[in-house]
Amino acid sequence: MLSSKTVLITGASAGIGTACAHSFAREGARLILAARRKDRLEKLAAELKAEYGTVTHLVELDVRNRVAVNTAIEGLAPEWSAIDVLINNAGLSRGLDKVQEGEFLDWDEMIDTNVKGLLWVSRAVLPGMVARDLGHVINIGSVAGRQVYPGGNVYCATKHAVGAITQGLRLDLLGTRVKASSVDPGLVETEFSEVRFRGDTERAGQTYTNFPPLRAADIAEAVLFCASRPPHVNVQDMLIMPQDQAAVFASHPRGIE
Ligand code: NDP
Ligand code: 8X3
């Protein structure tokens, strides 16, 4: 079903984005891989080519830059411009400060990336999908888009916004054959916490020691499931948690065996 489909993955240079690239490559998709770290994309593209024979197009892109997003999408060569699946995955958190102590730059970065960046990319890609009456936008939300935890304030707000955008998108796309889905993970072990704590690997590592976290591949498989349903089926959203995480800050301290 995904063989020869064109799939754009934002934030493909790490974590869930990289795992999605592997899952979709395995199914024979052609991949547009976007992120700021081009060297990582090149390494990934070489791996995908060697493992699955995947054809890739690499885009060095900061999703916060609306002009760069438009230029990248409008500038796609004809063989890449008909995007079948858009995976809006690029995102990050910064800090765990209380609102009354929050850093303005952290707030800007989270809102500009997780909300506005997702909107810029969607706005650039959707007209083509609507014109072709075919496509699928899969947004990576979070359990943080359904619940709020202490210090999560602005990050949680951005993920609540992603949930609202996905719902709004479905209403706006009604009557077309373009689908919109949200895949909302709980704790996944990626570079996410290292980014949140600005390279403090010790603090970041502690995030994943209380119980077995999800793996990026677990989420990629869920994204793949959404993208491979028949035309009359849309998975509107999926909430995927580690077995030992009942809610965003209710977990069982099983430890890691
Ligand atoms: P990683 O830090 O491992 O990966 C984040 C990816 O986003 C990187 O490829 C990074 O690429 C990209 N990115 C960040 N900022 C930008 C930007 N301005 N422009 C383009 N790309 C950008 O984290 P995850 O894989 O965990 O995160 C992926 C998504 O999953 C995020 O939206 C996150 O909020 C969400 N999520 C994560 C969970 C977790 O526990 N890990 C749980 C729930 C949701 P580069 O730096 O090269 O630009
Ligand atoms: C990331 C999951 O719980 O760290 O979206 O906010 S959490």
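The values are calculated or read from the model by the stated rules, or taken from the named source; none is laboratory data. This structure is a prediction, so every number in the text was calculated from the model and none was measured. Heads up, the Cβs are rebuilt from the backbone with ideal geometry, glycines too, and the neighbour counts pull from every protein chain shown.
Here are a few things to note about the model shown:
- Pair list, Cβ under 7 Å, 6 or more apart: the stretch 85-100 residue free of Cβ contacts under 8 Å to residues at least 60 places away in the same chain, other residue part of a loop (DSSP other than H, G, I, E, B) and within 10 Å of ligand 1 (Cβ to nearest atom): none
- Of all residues in the stretch 181-219 being in contact with a Phe, Trp or Tyr (Cβ under 8 Å, 6 or more places away or on another chain) and over 19 Å from Asp97 (Cβ atoms), the one that is farthest from ligand 2 (Cβ to nearest atom): Glu189
- Lone qualifier among Gly117, Gly135 - being at pLDDT 95 or above, in contact with a strand residue (DSSP E or B) (Cβ under 7 Å, 6 or more places away or on another chain) and among the small types (Gly, Ala, Ser): Gly135
- Positions within the stretch 195-229 being surrounded by 19 or more Cβ atoms within 10 Å (Cβ to Cβ) and either closer than 26 Å to Ser181 by Cα or among the β-branched types (Val, Ile, Thr) (or both), in sequence order: Arg196, Pro213, Leu214, Ala216, Ile219, Ala220, Ala222, Val223, Leu224, Cys226, Ala227
- A residue that is in contact with a strand residue (DSSP E or B) (Cβ under 7 Å, 6 or more places away or on another chain) and either within 8 Å of ligand 1 (Cβ to nearest atom) or closer than 22 Å to Gln245 by Cα (or both) can be found somewhere in the stretch 166-182.
- Just one of the numbered conditions (1) within 16 Å of ligand 2 (Cβ to nearest atom); (2) under 27 Å from Asp218 (Cα atoms) is not true of Asp97: (2).
- Here Thr6 passes the criteria (1) surrounded by fewer than 22 Cβ atoms within 10 Å (Cβ to Cβ); (2) without any contact (Cβ under 8 Å) to a residue 60 or more places away in the chain; (3) among the β-branched types (Val, Ile, Thr) except the one numbered (2).
- For Thr71, the requirement of being assigned to a loop (DSSP other than H, G, I, E, B) and either away from ligand 2 (no atom under 16 Å from the Cβ) or within 30 Å of Arg177 (Cβ to Cβ) (or both) is not met.
- Conditions (1) part of a helix (DSSP H, G or I); (2) among the polar types (S, T, N, Q); (3) surrounded by 16 or more Cβ atoms within 10 Å (Cβ to Cβ); number of the one not met by Thr54: (1)
- Scanning the stretch 22-40 for residues that are crowded, with 24+ Cβ neighbours inside 10 Å and within 10 Å of ligand 1 (Cβ to nearest atom) gives Leu33, Ala34, Ala35.
- Counted residues, the stretch 65-87 - those being more than 13 Å from Ile32 (Cβ to Cβ) and in contact with a Gly (Cβ under 9 Å, 6 or more places away or on another chain): 2
- Scanning the stretch 133-147 turns up at least one residue that is outside any helix (DSSP H, G or I), of a type in the set (Ser, Thr, Tyr) and touching a helix residue (DSSP H, G or I) at 6+ places or on another chain (Cβ under 7 Å).
- Residues located in the stretch 38-63, provided they are closer than 25 Å to Asp112 by Cβ, of a type in the set (Asp, Glu) and touching a helix residue (DSSP H, G or I) at 6+ places or on another chain (Cβ under 9 Å): Glu60, Asp62
- Sole residue being more than 15 Å from the chain's Cα centre (by Cα) and modelled with pLDDT of 95 or more, chosen from Pro185, Pro212: Pro212
- For the stretch 65-85, a residue qualifies if it is under 27 Å from Glu109 (Cα atoms) and either at pLDDT below 95 or touching a His at 6+ places or on another chain (Cβ under 7 Å) (or both), and exactly one does: Val85.
- Residues of the stretch 219-253 that are without any contact (Cβ under 8 Å) to a residue 40 or more places away in the chain and in contact with a strand residue (DSSP E or B) (Cβ under 7 Å, 6 or more places away or on another chain): Ala222, Asp244.
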